[in-house]
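Trainee: Have a look at this one.
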Amino acid sequence: MFWKTKKNKKNEETLPNCFARTYGVEIFTENEPQIQVDELLIKLRRRCGDVELVTNKDELILFAYKDHIVQYSDGQGPAQIAVMITDKKINMEKLEMSFYQSWGWKDARSAAEKAAYTILVTDMMASGLDYTIRLELFQKTLYSFLEVVPCLAINWHLSQQIIDPEKYKENAPENEDYNLLFGSLNVRLFNIEGTENETLMDTIGLGALGLPDLQCHFKNIDVNRIANILYTYGDYIFKNGDVINDGETIQGLTVNDKWSCRHEISLLEPKRVVIDINPGEEFSAGNR
């Protein structure tokens, strides 16, 4: 729960924006992918409604989601998802931070090292959709895609993590406990150099959907407890929107803890709007 005290949002025009105009992931494969487009289209129509194959040539496949029309200033059109294949060598150096922050999969690096092909799966003309609908379409598309194409790893660069495809496929859209945020939300951890025990943790992934991420700069608290808080309130923000105003407090480690929140520019890259959580005088770190 959180307690309201006052509202004082910053001028949004002055804040950095990491909203993803196109939302996508990279799929790493060991062999040249042979995509069964007809089979994929059947799965997409079962999960996403009226889906039309627009293009299938020159390493590009394009689908239009005709049940999801997006209005723009110069007209309207259906949301689309593109699939593009390349054999360009993977830059492992650029993935270093993602390997470090992929807490859910210890074999992420070794899986990516086997890859010879990359498949980009990304939406197009979809940024005008409600973010929950947009993410749902993308997740159902990606899940359907992984049912027909062998995959070594998923580079979810917008949430800076490498996802185990087998673990991802366990989160089927048809499951009762289906987690729409799986893969799209990550909690990162950084130890602050030059300090005895200061830690910074934040979420990454909400900003790409047009929402604020969260961050907490703290000391003397088990990182797993902070991770749980960040995941919990990250899920809350996703379900309810940017509803925690400056000066409001959330529940901390116990029901009696009231940790103050305010919107700030993130301490770490990518620069974006975050809700900074102050764990109080005993546990807070940095200059507050």
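The values are calculated or read from the model by the stated rules, or taken from the named source; none is laboratory data. Note that the structure is predicted; figures quoted are calculated from it, not measured. Heads up, the Cβs are rebuilt from the backbone with ideal geometry, glycines too, and the neighbour counts pull from every protein chain shown.
Trainee: So, in the stretch 252-277, exactly how many residues are assigned to a strand (DSSP E or B), out of contact with any Gly (no Cβ under 6 Å at 6 or more places or on another chain) and under 22 Å from G205 (Cβ atoms)? Please lay out each step first, then the result.
Mentor: First, pick out the residues of the stretch 252-277 that are assigned to a strand (DSSP E or B): 258-265, 273-277.
Retained after the next criterion (residues that are out of contact with any Gly (no Cβ under 6 Å at 6 or more places or on another chain)): 258, 260-265, 273-277.
Add one more test, that the residue is under 22 Å from G205 (Cβ atoms), and what stays is 261-265, 273-277.
Residues meeting the conditions: 10.
Trainee: I would also like to ask the following. For residues that are touching a strand residue (DSSP E or B) at 6+ places or on another chain (Cβ under 9 Å), among the hydrophobic types (A, V, I, L, M, F, W, C) and in a helix (DSSP H, G or I), tally how many sit in the stretch 139-154. Quick ask: steps written out before the conclusion?
Mentor: We begin by selecting, within the stretch 139-154, every residue touching a strand residue (DSSP E or B) at 6+ places or on another chain (Cβ under 9 Å); these are 141-142, 145-146, 149-154.
When the remaining residues are screened for being among the hydrophobic types (A, V, I, L, M, F, W, C), the result is 142, 145-146, 149, 151-154.
Pick out the ones that are also in a helix (DSSP H, G or I) and you get 142, 145-146.
Qualifying residue count, the stretch 139-154: 3.
Trainee: Please work out which residue is surrounded by the fewest Cβ atoms within 10 Å (Cβ to Cβ), limiting yourself to the stretch 179-207 and to residues that are among the polar types (S, T, N, Q) and under 14 Å from L267 (Cα atoms).
Mentor: The first filter runs over the stretch 179-207 and keeps only residues among the polar types (S, T, N, Q), leaving 179, 184, 186, 191, 195, 197, 199, 203.
In the following step, the residues that additionally are under 14 Å from L267 (Cα atoms) were identified as 191, 199, 203.
Numbers: N191: 10, T199: 19, T203: 27.
By that ranking, first place goes to N191.
Trainee: Please go through the stretch 104-138 and pick out each residue that is in contact (Cβ under 8 Å) with a residue 40 or more places away in the chain and in a loop (DSSP other than H, G, I, E, B).
Mentor: G104, W105, D107, K114, A115, A116, M125, A126, S127, G128, L129 - these are the residues of the stretch 104-138 that are in contact (Cβ under 8 Å) with a residue 40 or more places away in the chain and in a loop (DSSP other than H, G, I, E, B).
Trainee: Now for a separate question. If the Cβ limit is 6 Å and pairs must be 6+ apart or interchain, which residue in the stretch 81-99 that is at pLDDT 95 or above pairs with which residue that is acidic (D, E)?
Mentor: I81/D123; I85/E59
Trainee: For the list (1) in contact (Cβ under 8 Å) with a residue 60 or more places away in the chain; (2) within 15 Å of P16 (Cβ to Cβ); (3) surrounded by fewer than 15 Cβ atoms within 10 Å (Cβ to Cβ), I need the number of the one condition that I275 fails.
Mentor: (3)
Matching residues to (1) modelled with pLDDT under 95; (2) closer than 15 Å to K140 by Cα; (3) part of a helix (DSSP H, G or I); (4) under 18 Å from the mean Cα position of the chain (by Cα):
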| position | (1), (2), (3), (4) |
| --- | --- |
| E13 | yes, no, yes, no |
| P16 | yes, no, no, yes |
| R21 | no, no, no, yes |
| V25 | no, yes, no, yes |
| Q34 | yes, no, no, no |
| D38 | no, no, yes, no |
| K43 | no, yes, yes, no |
| R47 | no, yes, yes, no |
| V54 | no, no, no, no |
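Trainee: If only one of E39, E52 is more than 15 Å from L120 (Cβ to Cβ), out of contact with any strand residue (DSSP E or B) (no Cβ under 7 Å at 6 or more places or on another chain) and outside the structural domain of K271 (by TED's automatic domain parsing), which one is it? Walk me through it before giving the result.
Mentor: Numbers: E52 fails: out of contact with any strand residue (DSSP E or B) (no Cβ under 7 Å at 6 or more places or on another chain).
Testing whether each residue is more than 15 Å from L120 (Cβ to Cβ), out of contact with any strand residue (DSSP E or B) (no Cβ under 7 Å at 6 or more places or on another chain) and outside the structural domain of K271 (by TED's automatic domain parsing) leaves just E39.
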